[in-house]
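The values are calculated or read from the model by the stated rules, or taken from the named source; none is laboratory data. Quick caveat, the model's predicted, so the values are computed rather than measured. Neighbour counts are summed over all protein chains in view; Cβ atoms, including those assigned to glycine, are modelled from backbone coordinates with ideal geometry. Ligands, DNA and RNA are excluded from the accessible area calculation, which covers all protein heavy atoms including side chains. Shrake-Rupley method; radii C 1.70, N 1.55, O 1.52, S 1.80 Å.
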Amino acid sequence: MSTNALTGLNPAQLEAVVAEPGPILVVAGAGSGKTRVLTHRIAHLVDEHGAAPASILAITFTNKAAGEMAERVNRALGRSATGMWVMTFHAACARILRAEATRIGFRQSFSIYDASDQVRLVRSIIEDDLGKDSKRYPARGVHARISDAKNRLISAEQFADDSDGYFDTTVGEVYLRYQSRLLEAGAMDFDDLLVHTAHLLEQIPAAREKWQTAFKHVLVDEYQDTNHAQYRLIRSLAEGHRSIFVVGDSDQSIYSWRGADIRNILDFEKDFPNARTIRLEQNYRSTQHILDAANAVIEHNQGRQAKRLWSELGQGEPVRVVECQDERSEARFVVGQIARVIGEGGSLRDVAIFYRTNAQSRALEEALRQADVPYRIIGGTGFYDRQEIKDALAYLRAIANPSDDVSLRRIINVPRRAIGDTTVSRLTEHAAMMGVSLRLALLDADSILPGSAARKAVTGFAALMDRLAAAAVSMEPAELLERIYDETAMIESLRAERTLEANGRIENLDELLGVARSATLTGQPEADLAMFLQELSLVSDADQLPDTDDDSAVTMMTLHTAKGLEFPRVYMVGMEDNIFPHARALEEANLEEERRLCYVGMTRAREQLTMTYARTRSLYGRQDYNPPSTFLREIPAEYVDHERVSSRGGTSLPSSPGALVGSPGTDYSVAGDCSGAYRGSPVDLDGRHGSSPPLGRGHCDRSALSRGDPRPLP
């Protein structure tokens, strides 16, 4: 690689790129150019050390990242590096195992089961082989436990021997049969690709020597995200030549729930004595105020490699910490700020909203839609488009309208109650032939269904719907929804899965219950239910959203999804204890990972970072009064501009920290909010608030909100 190709690197990057082959740990802070270092390192090995491209193994975590890295390497070399292995862990393991399958008792043409195949096989074992209730032992939850065990290289025999309690004992039985069935089918699941490769390299010396010789240089991206199986196979490949180059950041390790083990990066220097550690601390993304605030938060963690990000992009604006009355005030504030961005000629694509859990998006989505602000949700689904929400609402619709066959078909086997597609087809055909609704056809189950199990399941479902319909006559929507959750075991079946995904779905259902509790009521239950469903259909109808492309929409996502992205303007909402940090993390003493997640969110912002919290929040079906987030209290005052908005969501125009804006009688709230704002003495994040008076109120031009026209109102 030519000297000119190295001139764009800063001193730390250059040091990493040209270091002599050996164990090297690059601690790469957020926005520090780690991908550039990796690609130039590979090119340097080829050009300066004469490494054959085929002798280089570069591991990434996504196919997209692998493709981008290969393309960058080719550009750095000025030619194609044919034969180089730049791929994901699973792709590399699959290629190795295709070549070595016979050593471990498989054919080269072994099958790889996808996620649905895996869950389907587990369910078959639970129900057919063991004769157990799949509601009590949900297939997804059992499979998640098996997957976690495999990622920690715990065999089925070990798991079964060490299992304790009814659930894990059953998981052990399923795990043994699951592995046996995979072997019989000549198949592997995704986790097996890692497990079998690790065991191949550790237990078969000839295979280990072959692949250590083949790969003279091993490079790994996002090393903090590796699990135990990935760590073991990487160590086996590199322990001979010790030319291992890993890039990562312990401060961005946020996937322990997927099996990622932060100890892999923290213990690198123990695993490879005399390893060289190089820190990339210059950030090319964010202004210094944002970085100083993020540094201050993450420095409270004990399990980390010390570093402090700095930038040449200038001090920039202080981080805005905004106190809101409740989640509706918070949502209106954020929407008002977005309107201001548009009014100042900015682009919606520059704006991102981050939240800790998917359920938090509901209030934001409603405010954005009400203001006709287009948005897109990355790595997730709109609140009212989520499966569990659609299921719960389908129950309500089927109760409110017995002729709603679409809703009834959606829920007839939700949760699973042994009513299969064949049974539903028979019922539907009978309904069409008799000219009646599907609901009425259920009553004829005894005469049209041949199987006793199917008849029993359909009869039970019909009785359930009758009970719920009778209850609806005297219950408000929220009470009816609670009754549905209870009688259908909808929450119970999700809780039994024991997965984080299921926990998120439960939180969403609780949030829907909160929506129902805040619904407008007339005192007439049937009318209230119809009105509630009508209001939700208007809010949740995707056709109401304007057509958008990626350049004309606000981006919304959970903080976990935000990793690897960046935006000029970032809003982190719900900064309260028990929301973020999440209550589950506090219960499990996992505050350090939550703090790393906060650090990741903060370092996504390039120019403006706003963090909001509410004095009271209705979420998961209850109203809470949580203190401001622990993480907010960890940011020194000199990096922060505190504000407080009124219950209507209005706020003053930006100004220097602590200064009142405007003169008495002037309202600078964004049009559409019709509210005053509090500015002045900083908010006391321990729960005591400044006593600045509200600014004067004026008249409100609500039409200006969609135009994004921030201005003093007369």
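Data for the structure
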{"quantity": "Part-to-part distance (alpha-carbon centres) for the stretch 386-465 and the stretch 164-179, which is given in Å", "calculated": "33"}
{"quantity": "Other-chain or far-sequence residues with amide H under 5 Å of Asn227's (modelled H)", "calculated": "Asp261"}
{"quantity": "Gain in span if fully extended, Ser80 to Ile104, counting 0.36 nm per residue against the direct Cα distance", "calculated": "5.2 nm"}
{"quantity": "Solvent-accessible area per residue, Å², over the stretch 307-393 with all protein chains present [probe radius 1.4 Å]", "calculated": "34"}
{"quantity": "Heavy-atom accessible surface of the chain: percent carbon and sulfur, 1.4 Å", "calculated": "47"}
{"quantity": "Packing rank of 351-362, 434-445, where each peptide gets the mean count of other beta carbons within 10 Å, highest leading", "calculated": "351-362, 434-445"}
{"quantity": "Cα Rg, Dmax, the stretch 181-275, angstrom units", "calculated": "14.4, 46"}
{"quantity": "Rg and Dmax [Cα atoms of the chain; Å; Rg one decimal, Dmax integer]", "calculated": "28.7, 84"}
{"quantity": "About the Cα centre, charge dipole magnitude for the stretch 112-216 (Lys/Arg +1, Asp/Glu -1 at Cβ), debye", "calculated": "320"}
{"quantity": "Extension reserve of the Thr213-Glu501 stretch, reckoned as 0.36 nm per residue once the Cα distance is removed", "calculated": "99.5 nm"}
{"quantity": "Highest average packing first - 244-257, 391-404, Cβ atoms within 10 Å", "calculated": "244-257, 391-404"}
{"quantity": "Integer Hz, Karplus 6.51/-1.76/1.60 couplings in order for the stretch 292-304, x for Gly and Pro", "calculated": "4, 5, 5, 4, 5, 5, 5, 5, 7, 7, 8, x, 7"}
{"quantity": "Loop-resident sites, the stretch 561-590, for GluC sites (Glu not before Pro), counting at most 14 other Cβ within 10 Å (DSSP)", "calculated": "Glu588"}
{"quantity": "From phi via Karplus (6.51, -1.76, 1.60), per-residue ³J(HN,Hα) for the stretch 450-462 in Hz, x at Gly/Pro", "calculated": "x, x, 5, 5, 5, 4, 4, 5, 5, 4, x, 5, 4"}
{"quantity": "For the stretch 210-306, accessible area per residue (1.4 Å probe, heavy atoms of protein chains only), Å²", "calculated": "35"}
{"quantity": "Charge-dipole axis of the stretch 158-232 as Lys and Arg at +1 and Asp and Glu at -1 on Cβ define it, positive-most pick from Asn227, Val195, Val174", "calculated": "Val195"}
{"quantity": "Farthest positive-ward along the chain dipole, Cα basis, beta-carbon charges - from Gln305, Gln325, Ala339", "calculated": "Gln305"}
{"quantity": "Accessible surface of Lys210 - all protein chains present, 1.4 Å probe, nearest 10 Å²", "calculated": "90"}
{"quantity": "Per-residue SASA entry for Arg140, accessible area with 1.4 Å probe, Å² rounded to 10", "calculated": "120"}
{"quantity": "About the Cα centre, charge dipole magnitude for the chain (Lys/Arg +1, Asp/Glu -1 at Cβ), debye", "calculated": "1140"}
{"quantity": "For the stretch 404-536, accessible area per residue (1.4 Å probe, heavy atoms of protein chains only), Å²", "calculated": "49"}
{"quantity": "Kirkwood hydrodynamic radius of the stretch 404-460, Cα pairs, Å", "calculated": "11.1"}
{"quantity": "Cβ crowding within 10 Å averaged over residues, with 58-66, 600-608 ranked highest first", "calculated": "600-608, 58-66"}
{"quantity": "Residue-averaged 222 nm ellipticity for the chain, from DSSP H runs of 4+ at -39500 (n - 2.57), nearest 500", "calculated": "-13500 deg cm²/dmol"}
{"quantity": "Cross-link reach list, aspartates and glutamates versus Lys210, counting only Cα pairs under 18 Å and skipping chain neighbours closer than eight places", "calculated": "Glu100, Glu202, Glu239"}
{"quantity": "Sequence-separation-based contact order of the stretch 318-460, relative, with Cα cut under 8 Å and 6+ spacing, percent", "calculated": "14"}
{"quantity": "Whole-number percent relative contact order across the chain, with pairs defined as alpha carbons under 8 Å at least 6 apart", "calculated": "16"}
{"quantity": "DSSP-defined antiparallel bridges as percent of all bridges, the chain, nearest 5", "calculated": "10"}
{"quantity": "Charge dipole magnitude, Cβ of K and R +1, D and E -1 - the stretch 188-258, Cα centre, debye nearest 20", "calculated": "400"}
